[in-house]
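Engineer: Handing you a structure now.
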Number of protein chains: 2
Amino acid sequence: MSLRHGLLGLLAEGPASGYDLARRFSEALGSVWPAQHPQIYSELARLESAGLIEVESTGPRRRKAYRITEEGLAEVRRWLAEVEVDHTFRMETLFRAYFFWLMEPEDLKAHLAKEQVFFAETAAALRGYAATKDRGDWGTSAQTRAMRIAIEAGIRINEALAGWAEWAQESDIMTSEDFGTAK
Amino acid sequence: MSLRHGLLGLLAEGPASGYDLARRFSEALGSVWPAQHPQIYSELARLESAGLIEVESTGPRRRKAYRITEEGLAEVRRWLAEVEVDHTFRMETLFRAYFFWLMEPEDLKAHLAKEQVFFAETAAALRGYAATKDRGDWGTSAQTRAMRIAIEAGIRINEALAGWAEWAQESDIMTSEDFGTAK
DNA sequence: TCTCAACATGTCTGTTCTTACATGTCATGG
DNA sequence: CCATGACATGTAAGAACAGACATGTTGAGA
């Protein structure tokens, strides 16, 4: 359901092809809402038959660019303003934490160290990306600024998780003897 | 795929029925990996036919409690130790941020304020929950301590997002005139 | 005695999402 | 001229997931 509106939101910036949109999802966008090309193409077909988007042009290599319609723009606006945010999220990293007690202490320590590095590196990469936006490399359009806000959230979450992984390694909560001993 | 291992992990703590497991998912666990009862019951049936769990007892009200088998315990351990963590996650809150530029500035401000309250309250609730664990209300078993670690992650993420929502409201990034003006 | 809430387990349908398969175009460089 | 890689769009099968429907049990309190 969110993918539908996400595609409309991206097309609100200007016409794009399925391929373009899939590329956007494989970048920053995909880290908060993964989507593969088959889903994107089929969703675009559905949006077109619903009249929310229309074919703008057909280019070389049978490229088909879509443009958002008035109704589509109204629909994405309605979504943003009226539809309640779904706060549920799925995060395997945290889910696994509930089962840490089943792991051998050394494995767990190694696991957390690896996670810490991953989150710290991801945060650093996003910080670098944000810096280019702040320097104005991408202009100062409203879209760029919205993206900057989204990236800031990514930075903060990854930093929080890096801090968590570090805290967990040092915490005396997991340094006891009965970790790794099922039942 | 994670649900399968999550159920095994929960059953590693001791026998439980589908109803028990569904309740656990409706609590803290569901905030990092949502699962409804139909999915849980069908997954349990699949785990049973795979020999990873077995029926331990049948009680009143046709209650059926499952117990993890040796193979099941080995499988959840293998998952924790060997299977790469999938770091992708889905978070509508952040996804929407990419489209903030389509919102009316006043709507956006109100939206962010609401989000800030939501995350701050969630963090506070989790902090309260963590405090009861720290007081020892739930014993000091390895399971309880693992859960404490998981909750800590929830606290930090929600605090990070509350801070983000506050930052975004005050940021000059979104106080410009062209927000809400598509194209 | 009756009603309600909590206990308890399932099926069914439709949607979403993933993965693998399949095809064809065009530009570049060897 | 040929191979390769990036461009580009799709289908098909199946897994995962959500929501509605369906049923029956037991205990507590009005």
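Engineer: Count, for each residue of B:167-177, the Cβ atoms from other chains sitting within 10 Å of its Cβ, then give me the mean as a whole number.
Structural biologist: Going residue by residue through B:167-177 and averaging, the value is 3.
Engineer: Please name whichever of B:Leu11, B:Ala162, A:Thr93 sits farthest to the positive end of the charge dipole of the protein assembly as shown, dipole taken about the Cα centre and charges placed at Cβ: Lys and Arg +1, Asp and Glu -1.
Structural biologist: It is B:Leu11, whose Cα lies furthest towards the positive end.
Engineer: Which order do the peptides A:101-113, B:169-181, A:42-54 come out in when sorted by mean C-beta neighbours inside 10 angstrom, highest first?
Structural biologist: In descending order of packing, they fall as A:101-113, A:42-54, B:169-181.
Engineer: Can you order the peptides B:6-17, A:122-133, A:77-88 by their average number of other Cβ atoms within 10 Å per residue, highest first?
Structural biologist: So the order, starting with the most tightly packed, is B:6-17, A:122-133, A:77-88.
Engineer: Given label points at 7 Å from Cα along Cα→Cβ, what nm distances, shortest first, separate B:Glu54 from the same residue in every other copy?
Structural biologist: 6.6
Engineer: Inside 10 Å of the C-beta atoms of A:26-34, what's the mean count of C-beta atoms belonging to other chains?
Structural biologist: The mean count of partner-chain Cβ atoms within 10 Å per residue comes to 4.
Engineer: At 1.4 Å probe radius, can you tell me the per residue accessible area of region B:104-158 in Å²?
Structural biologist: In whole numbers, region B:104-158 has 46 Å² accessible per residue.
Engineer: Using helices alone, what [θ] at 222 nm do you get for the protein assembly as shown, with -39,500 (n - 2.57) per DSSP H run of 4 or more residues, divided over all residues and rounded to the nearest 500?
Structural biologist: It lands at -20000 deg cm²/dmol.
Engineer: Mind checking A:112-122 for the average number of partner chain beta-carbons within 10 Å of each residue's beta-carbon?
Structural biologist: That average works out to 1.
Engineer: Expressed as a fraction of 2.2 N^0.38 Å, the rule-of-thumb size for a compact globular protein of N residues, what is the C-alpha radius of gyration of region B:1-140?
Structural biologist: 1.36
Engineer: Moving on to the next point. Point me to the residue of chain A whose C-beta lies closest to the A-onto-B rotation axis, rounding the distance to whole angstrom.
Structural biologist: A:Ala160, 2
Engineer: Amide H of A:Ile53 versus every other amide H placed in the peptide plane: which residues, excluding those fewer than 5 positions away on the same chain, fall under 5 Å?
Structural biologist: A:Glu48, A:Thr69
Engineer: Every other copy gets compared here: list the nm distances from the A:Asp137 label point (7 Å along Cα to Cβ) to its counterparts, shortest first, one decimal.
Structural biologist: 4.9
Engineer: Placing the label point 7 Å from Cα along the Cα-to-Cβ direction, what are the distances from B:Tyr41 to the equivalent spots in the other copies, shortest first, in nm to one decimal?
Structural biologist: The answer, with the shortest distance listed first, is 3.8 nm.
Engineer: Determine the alpha carbon to alpha carbon distance for each of A:Lys109/B:Lys133; A:Lys64/B:Lys114; A:Lys109/B:Lys64 and list only those over 29 Å.
Structural biologist: A:Lys64/B:Lys114; A:Lys109/B:Lys64
Engineer: Further, regarding this structure: Given N residues in the protein assembly as shown, what is its alpha carbon radius of gyration divided by 2.2 N^0.38 Å?
Structural biologist: Rounded to two decimals, the normalised Rg is 1.10.
Engineer: Need one number: buried accessible surface between chains B and A, 1.4 Å probe, both sides summed, DNA, RNA and ligands left out, in Å² to 100.
Structural biologist: 7900
Engineer: Once both labels are modelled 7 Å past Cα along the beta-carbon direction, what's the A:Val117-A:Arg135 spacing in nm?
Structural biologist: 2.8
Engineer: Compare the Cα positions of A:Leu112, A:Pro60, A:Thr175 along the charge dipole of chain A (+1 at Cβ of Lys, Arg; -1 at Cβ of Asp, Glu; about the Cα centre) and return the one farthest towards the positive end.
Structural biologist: The Cα lying farthest towards the positive end belongs to A:Pro60.
Engineer: I would also like to ask the following. Which value, in debye to the nearest 20, gives the size of the charge dipole of chain A about its Cα centre, when Lys and Arg are +1 and Asp and Glu are -1 at the Cβ?
Structural biologist: Dipole about the Cα centre, nearest 20: 940 debye.
Engineer: Name the residues whose placed amide hydrogens come within less than 5 Å of the amide hydrogen of A:Arg90, ignoring near sequence neighbours (fewer than 5 apart) on the same chain.
Structural biologist: B:Arg90
The values are calculated or read from the model by the stated rules, or taken from the named source; none is laboratory data. Predicted model, so just to flag it, every value in this text is computed and none were measured. So basically every Cβ, Gly included, is an ideal-geometry build from the backbone, and we count neighbours across all protein chains shown. Side chains included, ligands, DNA and RNA excluded: accessible areas come from the protein's heavy atoms. Shrake-Rupley method; radii C 1.70, N 1.55, O 1.52, S 1.80 Å.
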